[in-house]
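A.B. asks: Got a structure here, written out as structure tokens. Questions coming.
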Amino acid sequence: MKCDINVTVKLSRKIGFILVLSTVGLGIWVTPHIDWQILFSKGNSALCPFCRPSAVLDRSVFYEGPHSLGLITYKPAAEGHVLVIPKRHVMRFEELEDVELIDMKQTIQRIDQASQKLYDSTSYLLFQKNGKAAGQSVPHVHFHYIPRKEGESLLALVIRISTVALFKPMSWDEVERHKEIMSQYMQAL
Ligand SMILES: [Zn+2]
């Protein structure tokens, strides 16, 4: 009987050890994949990462229009994936002023001209989400611009866009490198 108790105690310790190890391992793997900043800014404009220069803008803006900005996303779904946002904090598309919308359109046109030269793109994907049910994660209007070349798989891109949150974000060094390249191409237009 005493022997059975000892075996049970040892087994419990082993299972406990394995559980702790698994939890720690899972935590180490998951932590870099979570965008904590965006997680805590949901529905709170005071914490909007696009309204706090030190959070994102200082390191990622490659183009500034009168009412809009072009910035590098640190979670790209494809090479050349960038964002266009209004300077003013606006959560949804329908809240944009006409003057902001026109300026964002012009910024997108310029980005497309630069991307054609930089990536040899012939097409582009443009999308923007409004509201939680549409998958909006940052409470500030942002258009995703993704350049496309002939022959590239659209299905692979859609899968990547759907699972981009699972991939490790670019480092800030990589973001700044992309920012410098895009700045140069935008200025050369
Ligand atoms: Zn904002």
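Any read-out appearing in this document is the output of simple, stated calculations on the displayed coordinates, not a laboratory observation. Since the model is a prediction, treat every value here as computed from it, not as a measurement. All Cβ positions, glycine included, derive from the backbone under ideal geometry; neighbour counts span all protein chains shown.
A.B. asks: Using only Cα atoms, tell me the angle between helix 2-30 and the longest principal axis of the chain; keep it within 0 to 90° and round to the nearest 10.
C.D. replies: 10 degrees
A.B. asks: Starting from the Cα coordinates of segment 116-189, work out the convex hull volume and express it per residue in Å³.
C.D. replies: Expressed per residue, the convex hull around the Cα atoms of segment 116-189 is 126 Å³.
A.B. asks: HN-Hα J couplings of segment 67-80 from phi, Karplus 6.51/-1.76/1.60, θ = phi - 60°, integer Hz, Gly and Pro as x?
C.D. replies: Residue by residue, segment 67-80 yields 10, 9, 10, x, 9, 6, 8, 8, 10, x, 8, 6, 4, x Hz.
A.B. asks: Output the peptides 147-158, 51-62 sorted from most to least packed, where packing is the average of other Cβ atoms within 10 Å over each peptide's residues.
C.D. replies: Peptide ranking by packing, descending: 51-62, 147-158.
A.B. asks: Further, regarding this structure: Kindly express, to the nearest 10 degrees and within the range 0 to 90, the angle between helix 172-187's C-alpha long axis and the longest C-alpha principal axis of the chain.
C.D. replies: That works out to roughly 10 degrees.
A.B. asks: Measure nothing but the geometry: give the 0 to 90° angle between the long axis through the Cα atoms of 154-163 and the longest principal axis through the Cα atoms of the chain, rounded to 10°.
C.D. replies: 50 degrees
A.B. asks: Percent of Cα-Cα pairs more than 20 Å apart in the chain, please.
C.D. replies: 61 percent
A.B. asks: On to the next question. What 222 nm value per residue comes from the helices of the chain, counting each DSSP H run with n ≥ 4 as -39,500 (n - 2.57) and dividing by all residues, nearest 500 deg cm²/dmol?
C.D. replies: Result for the chain, helices only: -15000 deg cm²/dmol.
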